[in-house]
Amino acid sequence: MPLIRDGEIIADTWRVLDEGAEIPGQGDVILSLERLRNGAGQIAARAGRTGVAIENSADPGELEAHLAHLDLIALDFPAFTDGRAYSQARRLRVHFGFAGELRARGSVLADQAGFLTRVGFDTFELAGGQSLKVWNASARSMTLAYQRGYDGGQATREAVTELPAPA
C-alpha cells in the first residue's frame, strides 16, 4: 500500500506488530492500544521508534499519558463515510499537542486530502491503487476554509472578496 508524505510516495519503515509478537528493542513498530497499555515500561526503554494504531471508536485521551513515548499515531478510516478519525486527529494535535506523525489509514480517498491535512494528518496510506497525481491535485484544491486548521490557518477577508461573482 503506497504511503504519501509531502506529496511524494515514501518507503514505510514501520512494522505493524501482531498481538502475540514480541516487541523488539529497536526498529520502528506500530502497536495496538492494548499492547501500548500493557507494555508501557518496555516501550519507554526501546531504542527504536514506537507508534500506536487506534480504532476510530477509541478515545484519543487514552493516549495522553503515552504521548511522550510515541512517534506515530495511526488513525483508522474503516469507511470513507466515517469521519471520526478527523475529530481524533484534531484532538491529538490541538488539545494534546502531539507533534509526531499522524497517519491516516484504511479507506482514505484522494477527495479527502485537503481535509485530512487541515486536521493534522501528515502521512496517508492509499488504498485501491489511487494515483499520486490525483492525490496531489486534490490536496491542493482546497484554497479557502471557514474554520481554522490545526496549523491556525484561516481564510482572510481579502481572500473571500477576491472570489469571482457567481454566474
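Here are some notes:
- Part-to-part distance (alpha-carbon centres) for segment 86-117 and segment 21-43, which is given in Å: 22 Å
- Least to most buried among Ser131, Ser138 (fewest other Cβ within 10 Å first): Ser131, Ser138
- When each of the peptides 120-127, 94-101 is scored by how many other beta carbons lie within 10 Å of its residues on average, the order from highest to lowest is 120-127, 94-101.
- Residues Ser32 and Ile10, FRET efficiency given R0 of 25 Å [Cβ-Cβ distance, rounded to 0.05]: 0.60
FYI, it's all coordinate maths here, none of it is from the lab. From a predicted model like this one, the values you see are computed outputs, not experimental measurements. Methodologically, a virtual Cβ is constructed for each residue, glycine included, from the backbone with ideal geometry; neighbour enumeration extends over all protein chains shown.
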